[in-house]
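One structure below.
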Amino acid sequence: MKSSEKPSRGCLRSIVVFAVSVVLLAGAIVALDVRNFLESPVLPSGNTVHVVIPQGSNWSAVVEILRSNDVVRKPVYFDLWARRTGLPERVKAGRYTFVGPLALDTLAESLSKGGEADEVTVTIPEGLTIFHIADRLDEAAIVSRSEFLRAAKDTSLLEDHGITAESLEGYLFPDTYRFRLGASAAEIAQRMVARHFEVWNALLAQHPDAIQKAASRGLSPGDVVTLASLIERESGAKAERAVISRVFLNRIDKKMKLQTDPTCVYGEDTYKAIPHPKYCKDPLNRYSTYVIDGLPPGPIANPGRSSLEAALMPSESPEDFKYLFFVAKRDGTGRHHFTQTFEEHRKAVRKFLK
């Protein structure tokens with residue numbers, strides 16, 4: 001056909017029919033997709049998702065929160081359906097736990113009734129790592145584990161507080177906190193760090209020479225916090241923590257490895273593990289004090305007040321300057337038996353760990 005010639009009527013009719021067929025087919029596919037969305041669970045069986053909708057969230061923010069938490073995988077369909085049912089005007093703020101299989105109507109009903117309280121209380125015990133804390137915050141549906149761990153390693157947060165470490169480990173003070181729903185991971189970390197420095201500064205005011213004494217032993221303020229974390233993980237008995245602090249310092253003075261088991265399993269892959277030679281003697285384990293000399297490169301947990309104080313003010317008893325070893329008595333008291341020589345230590349191990 002020459003370029004100047006017009007298409008025949010039959011050809012035009014074929015094009016129109018084809019175009020209409022394509023449109024109808026596309027419409028049918030979309031209709032089927034919409035139908036599947038409306039009739040299928042928005043959250044599959046076996047899935048549990050914690051969602052927080054902050055006060056003042058508009059409808060677009062609610063849809064995005066549900067999408068980002070994988071509650072709604074077809075946000076456009078959900079938005080159109082919800083607007084037809086009037087859900088945007090009924091949705092309430094709060095903390096929600098959605099368990100699959102979750103139908104669309106059930107999701108809408110839950111959002112209309114409202115979630116749990118606007119604030120949530122969580123207790124962080126002494127001696128937890130950032131990984132344990134992240135787990136606890138996630139389980140309480142306060143903030144996701146991954147978000148908290150990102151905040152705990154945020155270099156800007158570390159710089160803001162003058163912390164020369166790889167993370168906020170050691171500076172997330174163990175306490176009972178009330179957090180508003182919707183609080184960011186950074187806000188939560190800031191609260192915990194602020195509480196640490198509140199306690200830390202109170203201790204320095206109570207013991208004004210402590211930092212100077214630590215410096216004379218070659219310890220920086222960060223080293224003191226690291227030492228406190230070792231003390232925290234080693235002893236549940238407040239009364240003996242200053243003695244344990246002294247034993248660690250005695251070993252450092254004598255160029256002895258600290259050989260404290262909790263350092264063997266510090267890390268995201270091992271924080272739930274039980275200390276074992278495969279961890280303690282791993283030459284690539286940069287935290288294991290069976291491998292490295294002196295203190296680990298940073299805290300291995302978050303110490304409470306008494307452990308921080310013990311690290312700042314180790315025992316000054318003449319007898320305690322002689323101790324180089326200790327072993328848990330395992331009598332339910334959380335206390336340890338202290339010895340001066342390796343032979344005495346071996347006997348104590350046989351007695352208390354038999």
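Ranked highest first by average number of other Cβ atoms within 10 Å, how do 270-283, 42-55, 187-200 line up? Mind showing how you got there, number by number?
Values: 270-283: 13.6, 42-55: 15.9, 187-200: 18.3.
Ranking the peptides 270-283, 42-55, 187-200 by packing returns 187-200, 42-55, 270-283.
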For this session: Output ³J(HN,Hα) for the stretch 195-203: one whole-Hz value per residue in order, computed from phi by the Karplus curve 6.51 cos²θ - 1.76 cosθ + 1.60 with θ = phi - 60°, and x for Gly and Pro.
Result: 5, 4, 6, 5, 5, 4, 5, 5, 5
Exercise. Cα centroid distance between the stretch 149-171 and the stretch 327-350, in Å?
Worked result: 36
Problem set entry | Electrostatic dipole magnitude of the chain [Cβ: Lys, Arg +1; Asp, Glu -1; Cα centre; debye, to 20] | 920
Exercise. Among the aspartates and glutamates, which fall within straight-line cross-link reach of Lys153, defined as a Cα-Cα distance under 14 Å, with same-chain neighbours fewer than 8 residues apart omitted?
Worked result: Glu166, Glu169, Glu187, Glu268
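If a/c stays under 1.5 just call it rounded; otherwise compare a/b with b/c (prolate if a/b is bigger, oblate if not). Do that for the stretch 276-354, with a ≥ b ≥ c from the square roots of the Cα gyration tensor eigenvalues. Can you show the working numbers first?
On the way: a/c = 1.57, a/b = 1.10, b/c = 1.43.
Oblate, because a/c is 1.5 or more while a/b does not exceed b/c.
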For this session: Specify whether the C-alpha gyration tensor of the stretch 239-283 places it in the rounded, prolate or oblate class, a ≥ b ≥ c being the square roots of the eigenvalues: rounded for a/c under 1.5, otherwise prolate if a/b is larger than b/c and oblate if not.
Result: oblate
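Quick check on my link table: of Lys213/Lys281; Lys254/Lys351; Lys213/Lys322; Lys213/Lys347, which ones sit more than 24 Å apart, alpha carbon to alpha carbon? If you can, show how the numbers build up before the last one.
Details: Lys213/Lys281 33 Å; Lys254/Lys351 26 Å; Lys213/Lys322 19 Å; Lys213/Lys347 34 Å.
In this structure, Lys213/Lys281; Lys254/Lys351; Lys213/Lys347 exceed 24 Å between Cα atoms.
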Exercise. Computed from these coordinates, which is Rg/Rh (Cα atoms, Kirkwood Rh): (1) 0.94; (2) 1.01; (3) 1.22?
Worked result: (3)
Exercise. ³J(HN,Hα) across the stretch 243-259 via Karplus (A = 6.51, B = -1.76, C = 1.60, θ = phi - 60°), whole Hz, x for Gly/Pro?
Worked result: 6, 4, 4, 5, 4, 4, 5, 4, 5, 4, 4, 8, 6, 8, 5, 6, 6
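No value in this document is a laboratory result; all are computed from the given coordinates. Everything quoted here is computed from the prediction, not taken from an experiment. When we count neighbours, we look across all protein chains shown, and the Cβ atoms used for this are built from the backbone with ideal geometry, even at glycine.
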